[in-house]
Amino acid sequence: MPAPGPHARPHTTTIDWRTVHRCLEAAQAALEHGVTPTPEAQYSILRARAQALAHEPQREEAAREALDVVEFLLAYETYGIEASYVREVSPLKAFTPLPCTPPCVLGIINIRGQILSVIDLKTFFDLPARGLTDLNKVIVVHDEHMAFGLLADAILGVRSIPLAAIQPALPTLTGIREAYLRGVTSERGVILDAGRLLGDSNLIVLEWGEGDER
Amino acid sequence: MNQGHQLVVFTLDEQRYAVPLFTVARIGRLVEITPVPHTPEIVLGVIDVQGWIMPIVNSRRRFRLPERKQGPSDQLLLVHTARRPVALVIDIAGCREDL
């Protein structure tokens, strides 16, 4: 029981101990009530925890998994290609146009002794063509079977895009653009599927002669 | 460092119990338990842990301690056993201790 402490001040008014005791009892009751919530409250607490425990992974995994892409500009549109397929980026210094090739093949370049064909994605994707300058870049993509260069107007850089932020391809994109699309980012960037580009047999030009039919 | 000698201590009715640290997947507060019919009486039901459904064991009944209704102040100990991961209802998890 609380005992009245010796007060320093001499002129203390008389303390109503009954009120004090009543207050203490009320506080005690409130404390006990607070420690053990009602069954409904307990149930809702447990239920909320169960939902949090069950749903935790999607949030964490989605935030963690990301795709590294090399972003580049093509006719003022942002495109991205998976960085794991990109071997290097080099300036388009001198290329040799190759006759009798489809229009998407710009020509061939010599990168440290390796002859690579350069694909112009703009003609591929029916984008308006821009004149070539020596500021154009070539992104060399490769896998175990294939390697070629992709012509880019400018390189924006390497970015890590969370997989959750990549939306599936728009249904309005049809034809060849849809076939090579991996997804669209929230900033209207287009992620290209490098694996499918590299494995596409349409890009392999076996032989084009005068007698052949286009 | 020998992992087998590190323990996670928990209490049930003031009695201290311990499990090897490497078997413990996680420790959390008690969640809603989904009851499952036709289970052994020590199984309270199942819970969903990040998509994994695991049985939850009434450790008081397992150790033949006086029963008590589970409440939000209880804790969960998720441990790996030889056959499957299980969740134990415990009073309070203590700290890691080295033996």
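Residues that are more than 15 Å from B:TYR17 (Cα to Cα): find the strands (runs of 3 or more DSSP E) completely inside the range B:34-99 holding 1 or more of those.
B:43-49, B:52-57, B:75-80, B:85-90
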Matching option when the condition is within 22 Å of A:ILE191 (Cβ to Cβ) and at pLDDT 85 or above, among A:TYR76, A:TYR85: A:TYR85
Count - residues of the range B:1-29 that are outside any strand (DSSP E or B), touching a Leu at 6+ places or on another chain (Cβ under 9 Å) and under 20 Å from B:THR81 (Cβ atoms): 4
Subset of the range A:97-114 [touching a residue at least 40 places away in the same chain (Cβ under 8 Å) and outside any loop (DSSP other than H, G, I, E, B)]: A:VAL105, A:LEU106, A:ILE109
Top-ranked residue of the range A:127-149 - restricted to ones that are among the acidic types (Asp, Glu) and touching a residue at least 40 places away in the same chain (Cβ under 8 Å), ranked as farthest from A:VAL69 (Cα to Cα): A:ASP134
Members of the range B:26-69 found to be under 23 Å from B:ARG16 (Cα atoms), out of contact with any Lys or Arg (no Cβ under 9 Å at 6 or more places or on another chain) and within 14 Å of chain A (Cβ to nearest Cβ), listed by number: B:ARG26, B:ILE27, B:ILE56, B:LYS69
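Here's the yes/no breakdown for (1) assigned to a loop (DSSP other than H, G, I, E, B); (2) loosely packed, with under 10 Cβ neighbours inside 10 Å; (3) out of contact with any strand residue (DSSP E or B) (no Cβ under 8 Å at 6 or more places or on another chain):
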{"site": "A:LEU116", "(1), (2), (3)": "no, no, no"}
{"site": "A:LEU127", "(1), (2), (3)": "yes, no, no"}
{"site": "A:ARG130", "(1), (2), (3)": "yes, no, yes"}
{"site": "A:VAL141", "(1), (2), (3)": "no, no, no"}
{"site": "A:GLU144", "(1), (2), (3)": "yes, yes, yes"}
Filter pass, B:PHE63 being touching a residue at least 60 places away in the same chain (Cβ under 8 Å), surrounded by 12 or more Cβ atoms within 10 Å (Cβ to Cβ), within 25 Å of A:GLN42 (Cβ to Cβ) and not hydroxyl-bearing (Ser, Thr, Tyr): no
Any hit, the range A:78-86, residues being within 14 Å of chain B (Cβ to nearest Cβ), part of a helix (DSSP H, G or I) and either over 25 Å from A:GLY183 (Cβ atoms) or among the polar types (S, T, N, Q) (or both): no
Leading residue by the ranking (surrounded by the fewest Cβ atoms within 10 Å (Cβ to Cβ)) among those in the range B:50-60 that are farther than 23 Å from A:PRO39 by Cα and within 12 Å of the chain's Cα centre (by Cα): B:MET54
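The values are calculated or read from the model by the stated rules, or taken from the named source; none is laboratory data. Remember, predicted model here, so these are calculated numbers, not experimental data. Using ideal geometry, Cβ is built from the backbone for each residue, glycine included, and neighbour counts are taken over all protein chains shown.
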